[in-house]
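The block underneath contains the structure these notes are about, expressed in structure tokens.
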Amino acid sequence: MQYRITQYPLEQGALEIQYIEEFFWEFQRKKTAAEIVARLEGRSHLILMADAPLPDGPGTVVPVSFKVAHEIKMDDGDPKLADLIGRLRDCVTFRGRRILYSWIGGTRRDWRGQGHFRALTEQQEKWAIEAGFDEMIHKTKNKFYQMRGTLDHLRFDVIKYERDAADNRESKVYLSKRLAPDLIVKHLSQRTVVHAQG
């Protein structure tokens, strides 16, 4: 299967992400375009979205999956990122290295299990390697089994597990992958990447 991926500039990408998140009922709190811009502005970042035909209308193409990643640094002033870095201090070496954080993403329910998330993750890895990143970090919840399965197949290692005392499904799982140029030849998805004009 050939996957069609669009790489978006900041403003347009933020609007696209705000739109697609409306299809995710499992996201308790959806991001606004303004929140996305505020988080990504001034940081090295990547906004990717995969499109696919509607099952009952192959002539109509719709956004089905997305991923947003950005660089995190040891001295980050954003309180949420400072907290994340603090939690990972014993697991990830930040000093003298470039770390890419896969911040938000998902695949719409009707298109899950078709490889869109994998294709986006592989494209994210390719971009990160070409941009000089050393490691990629994901944070998810224990209950997102399909996402964790895909990251497992892509050889992401669990580096930390924070158990939720009330509900283990809500426990936080932190995963990491060291990046090297030879990873690209191991990618399985065939992708066409289009750069949207801002």
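The values are calculated or read from the model by the stated rules, or taken from the named source; none is laboratory data. Quantities reported herein were computed from a predicted structural model and do not represent experimental measurements. Counting neighbours? That spans all protein chains shown, and the Cβs are built from the backbone with ideal geometry, glycine included. Surface accessibility is based on the protein's heavy atoms, side chains included, excluding ligands, DNA and RNA. Shrake-Rupley method; radii C 1.70, N 1.55, O 1.52, S 1.80 Å.
Overall, the chain carries a charge dipole of about 480 debye about its Cα centre when +1 sits on the Cβ of Lys and Arg and -1 on the Cβ of Asp and Glu, all other atoms neutral.
Is the range 105-161 best put as rounded, prolate or oblate by its Cα gyration tensor, with a ≥ b ≥ c the root eigenvalues, rounded for a/c under 1.5, and otherwise prolate when a/b is larger than b/c, oblate when not? Since a/c reaches 1.5 but b/c is at least a/b, the shape of the range 105-161 is classed as oblate. Pairs over the 23 Å Cα-Cα cut-off, from the set LYS30/LYS143; LYS31/LYS67; LYS30/LYS141; LYS126/LYS160; LYS73/LYS186; LYS30/LYS160: LYS126/LYS160; LYS73/LYS186; LYS30/LYS160.
When the solvent-accessible area of the chain is split by element, carbon and sulfur atoms take up 49 percent of it, the probe being 1.4 Å. For the range 60-114, the fraction of C-alpha pairs farther apart than 12 angstrom is 72 percent. The calculated FRET efficiency for the pair ASP83 and ARG112, based on their C-beta separation and a Förster distance of 30 Å, comes to about 0.50.
Rounded to the nearest 0.05, the FRET efficiency derived from the C-beta distance between CYS91 and ALA196 at R0 = 35 Å is 0.50.
Against the criterion of solvent-accessible heavy-atom surface with a 1.4 angstrom probe, LEU179, LEU151 sort, most first, into LEU179, LEU151. The 3J(HN,Hα) values that the Karplus relation (6.51, -1.76, 1.60; θ = phi - 60°) gives for the range 109-120 are, in residue order, 3, 5, 10, 5, x, 10, x, 5, 5, 4, 4, 5 Hz. Gly and Pro appear as x. Here the chain is described by how far its Cα atoms reach on the three principal axes: 50, 40, 35 Å, from widest to narrowest. Couplings 3J(HN,Hα) for the range 2-9, derived from phi with the Karplus relation 6.51 cos²θ - 1.76 cosθ + 1.60 (θ = phi - 60°), are 9, 9, 9, 10, 10, 9, 9, x Hz, where x marks Gly and Pro.
Only protein heavy atoms count here; under a 1.4 Å probe, GLU22 has an accessible surface of about 120 Å². The order of VAL61, VAL194 by accessible area, most exposed first and with a 1.4 Å probe, is VAL61, VAL194. For trypsin sites (Lys or Arg not before Pro), the sites in the range 83-154 that DSSP calls loop and that have at most 11 other Cβ atoms within 10 Å are ARG89, ARG95. Taking amide H atoms as placed 1.01 Å from N in the peptide plane, the amide H of VAL62 lies under 5 Å from those of ALA52, LEU54, each 5 or more residues away in sequence or on another chain. Taking the charge dipole of the chain about its Cα centre, with +1 at Lys and Arg Cβ atoms and -1 at Asp and Glu Cβ atoms, the residue from PHE156, PHE23, GLN12 reaching farthest to the positive side is PHE156. Averaged per residue, the chain has 52 square angstrom of accessible surface, using a 1.4 angstrom probe with ligands and nucleic acids left out. Of all DSSP beta bridges confined to the chain, the antiparallel ones make up roughly 80%.
Overall dimensions of the range 100-198, expressed as equivalent-ellipsoid semi-axes from the Cα gyration tensor (√(5λ), whole Å, largest first), are 24, 17, 12.
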